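Contents: one structure, followed by commentary.
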Ligand code: C5P
């Protein structure tokens, strides 16, 4: 038996199927109302026990990222050590497949997957409330990424209500390889706040019901993102025009946009069509959960 096994966890892409900005707190953070789901596609975190903490970056998107102390993965690992009085360390490898600063929670999902896998490696189970508080201290999207399942999210990201089972639905993610700053997008948002609009139980009963419910909601960060990063207009138009695309929208603060499809085959066909026309863009297909 290997006494120092490698453990692995996928940091799945997070997608805001809709995102209403409902208010602003005194500390500058915004009150959100969002249906957040995950795609079965993402980064991969691999860990092995060691005396100290260390981080190595590999993968196609690793180039733009720092493996220094400011990396959210190391901050998550240090936070967990402190929370559970752990003296053990870990060698951590991040295979970065998701684009960075892209509105699909790459950094948040990495931090959350690190917390999950290190709890296994170090054989600790801190109280759920403490783990969620640590997650929130790392970023507003980290709590939902820690749960790693579809949720209706409120507050700044800490209010999590699990959804009904989702209908079978595949997502095509498309990023034009332009990084977008989340604080800048929130700052550029104008106009009044939106009302909260959680989906109803019956909205989950079929793909068509689901799409109809999402269609009557929106992403409030899309207009400011389209203003600051105009290529998003083209990305949305391209996805919208793909065969069998039921809904096209931007995720989070962008610039990644998504199309929803009722079958894996139609999502893959759409990706192939898109890739012929827009060779420099990044794209991925996954089933949502
Ligand atoms: O928490 P996180 O570091 O992911 O947030 C990045 C930025 O996004 C924050 O500094 C803030 O400007 C903005 N934000 C917000 N309201 C939220 C989440 C994020 O204003 N609910």
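Among the residues that make up segment 37-48, is at least one of them more than 19 Å from the chain's Cα centre (by Cα), more than 30 Å from residue 199 (Cα to Cα) and crowded, with 18+ Cβ neighbours inside 10 Å?
Within segment 37-48 (the criterion being more than 19 Å from the chain's Cα centre (by Cα), more than 30 Å from residue 199 (Cα to Cα) and crowded, with 18+ Cβ neighbours inside 10 Å), the answer is yes, since at least one residue qualifies.
Checking residue 206 against (1) loosely packed, with under 15 Cβ neighbours inside 10 Å; (2) more than 16 Å from the ligand (Cβ to nearest atom); (3) within 30 Å of residue 49 (Cα to Cα): exactly one of these is not met. Which one?
So the condition that residue 206 fails would be (3).
For segment 55-64, give me each residue that is under 20 Å from residue 284 (Cα atoms) and either in contact with a helix residue (DSSP H, G or I) (Cβ under 9 Å, 6 or more places away or on another chain) or in contact (Cβ under 8 Å) with a residue 60 or more places away in the chain (or both).
61, 64
Quick one: is residue 113 more than 16 Å from the ligand (Cβ to nearest atom) and crowded, with 18+ Cβ neighbours inside 10 Å?
no
Please enumerate the residues belonging to segment 115-142 that are in a helix (DSSP H, G or I), closer than 19 Å to residue 31 by Cβ and in contact (Cβ under 8 Å) with a residue 24 or more places away in the chain.
132, 135, 137, 142
Do we find a residue being more than 16 Å from the ligand (Cβ to nearest atom), modelled with pLDDT under 95 and in a loop (DSSP other than H, G, I, E, B) anywhere in segment 72-90?
Among the residues of segment 72-90, not one is more than 16 Å from the ligand (Cβ to nearest atom), modelled with pLDDT under 95 and in a loop (DSSP other than H, G, I, E, B), which makes the answer no.
Quick one: would you say residue 115 is more than 20 Å from the chain's Cα centre (by Cα) and modelled with pLDDT of 95 or more?
When the stated conditions are applied, residue 115 does not pass them.
With the condition kept exactly as written, say whether any residue in segment 244-255 is over 30 Å from residue 22 (Cβ atoms) and either surrounded by fewer than 16 Cβ atoms within 10 Å (Cβ to Cβ) or modelled with pLDDT of 95 or more (or both).
There is at least one residue in segment 244-255 that is over 30 Å from residue 22 (Cβ atoms) and either surrounded by fewer than 16 Cβ atoms within 10 Å (Cβ to Cβ) or modelled with pLDDT of 95 or more (or both).
Between 180, 231, which is surrounded by 14 or more Cβ atoms within 10 Å (Cβ to Cβ), out of contact with any strand residue (DSSP E or B) (no Cβ under 7 Å at 6 or more places or on another chain) and over 25 Å from residue 152 (Cα atoms)?
None of the others qualify; the one that does is 231.
Give me the residue from segment 148-177 that is free of Cβ contacts under 8 Å to residues at least 60 places away in the same chain and touching a strand residue (DSSP E or B) at 6+ places or on another chain (Cβ under 6 Å) and, out of that set, nearest to the ligand (Cβ to nearest atom).
160
How many residues does segment 187-196 hold that are touching a strand residue (DSSP E or B) at 6+ places or on another chain (Cβ under 6 Å) and crowded, with 17+ Cβ neighbours inside 10 Å?
Qualifying residue count for the region: 1.
Can you tell me how many residues in segment 177-194 are farther than 11 Å from residue 220 by Cβ and assigned to a loop (DSSP other than H, G, I, E, B)?
So the answer is 5.
The values are calculated or read from the model by the stated rules, or taken from the named source; none is laboratory data. All values derive from a computational prediction rather than experimental measurement. Virtual Cβ from ideal backbone geometry, glycine too; neighbours counted across all protein chains shown.
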